[in-house]
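Where a number appears in this text, it was derived from the coordinates with a stated rule and is not lab data. What you see is a predicted model; the values in this text were computed from it and never measured. When we count neighbours, we look across all protein chains shown, and the Cβ atoms used for this are built from the backbone with ideal geometry, even at glycine.
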Amino acid sequence: MAQLGVKIHDLELKNPVTVASGTFGFGEEMAQFVDLNKLGGMFVKGLTLKNREGNDYPRMAETASGMLNAVGLQNKGIDYFEDHIYPNIKDYDTHIIANVNGGTIEEYVELTERLNALDRVTAIELNISCPNVKAGGMLFGTSCPSAIAVTEAVRKVYKKTLIVKLSPNVTHIAEFAQAVEGAGADSISLINTLVGMAIDAEKRKPILSTITGGLSGPAIKPVALRMVWQCAKAVKIPIFGIGGIMNATDAIEFLLAGAAAIQVGTANFIDPKISEKIITGIDEYCERHGVKDVNELIGALEI
């Protein structure tokens with residue numbers, strides 16, 4: 001077997017395969033399908049300070065080679081997470097990474113301070129790029145000064161690994177990568193979903209209650225690969241690659257483009273066991289190609 005461990009700042013991942021926030025619940029929902037202990041890490045469902053009901057239904061729609069979602073960060077808030085979810089997931093042998101959301105910088109900071117106290121939450125993913133919430137989200141992720149401001153504010157209070165999730169809905173994503181790196185990010189994750197919409201031609205109405213939502217799945221992979229490649233050339237901090245990863249080959253493509261690790265998202269809805277299969281597939285690829293250490297693949301694209 002190849003050596004599959006990778007390092008993201010202070011995080012020692014046993015392999016580069018993690019699961020994306022919003023596609024895997026809080027982990028306990030998927031434990032009957034996947035051995036969570038085998039994962040490199042688990043990005044839990046997006047958290048907010050207070051309970052959020054999310055957007056009105058319908059808020060998901062299947063599209064050609066992908067899906068649209070406008071869930072709107074539905075969750076029961078940090079109090080419920082601390083009391084009812086964290087105790088059930090804290091003892092898994094994998095990195096638990098909280099996805100942090102807010103409508104204001106103050107909300108991001110307050111939520112981050114709460115997460116500082118949870119020993120088994122080893123990192124946070126600062127979500128400044130959610131395209132389907134009315135407050136926060138892309139408000140911060142599509143403005144460089146705002147992205148810098150929220151990252152700097154969170155950096156001042158957060159003691160562990162800080163990952164910033166970038167929006168693809170910008171003109172020059174590498175500029176945002178450099179901006180948050182300069183503001184103190186230890187790592188970046190990209191891409192979040194692209195803004196899209198679906199229409200019911202018979203009813204002449206949009207399918208989603210919010211009209212637009214976030215497009216994910218295989219349809220966005222070429223865009224995601226391009227953006228990971230651009231950011232890998234622009235920053236020195238490690239990258240989590242996200243976007244349409246459906247199998248081990250897709251994951252390896254992201255590593256070659258410069259990602260140090262990957263997040264599996266939409267594929268979890270199709271095959272709940274896919275993350276384990278991707279770990280096995282990466283190992284088999286390394287064996288076929290004589291790669292002794294998966295780190296040899298990171299950024300190894302030949303141009």
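The table that follows gives values for the structure above.
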item: Peptide ranges 21-27, 122-128, 177-183, 49-55 listed from the most packed, as the mean C-beta count within 10 angstrom indicates; result: 122-128, 21-27, 177-183, 49-55
item: Residue with peak Gaussian network fluctuation, the chain [Cα springs, cutoff 10 Å], from 47, 162, 11; result: 11
item: Spacing of the two label points (7 Å from each Cα toward its C-beta) at residue 37 and residue 74, in nm; result: 3.3
item: Rel. contact order, % - alpha carbon contacts under 8 angstrom, at least six apart, the range 85-204; result: 23
item: Most fluctuating residue given options 106, 175, 202, as computed from a GNM of the chain linking Cα atoms under 10 Å; result: 202
item: Cα→Cβ-extended label distance, 7 Å offset, between residue 159 and residue 9, nm; result: 1.5
item: Label-to-label distance, nm, for residues given as residue 116 and residue 205 (7 Å Cα→Cβ offset); result: 4.8
item: Label selected from (1) 14.8; (2) 18.2; (3) 17.2, the criterion being mean projected area of the Cα convex hull in nm² as computed here; result: (1)
item: Residue-by-residue Karplus 3J(HN,Hα) for the range 194-208, coefficients 6.51, -1.76, 1.60, Hz, glycine and proline x; result: 8, 6, x, 8, 10, 10, 8, 5, 5, 8, 6, 9, x, 6, 7
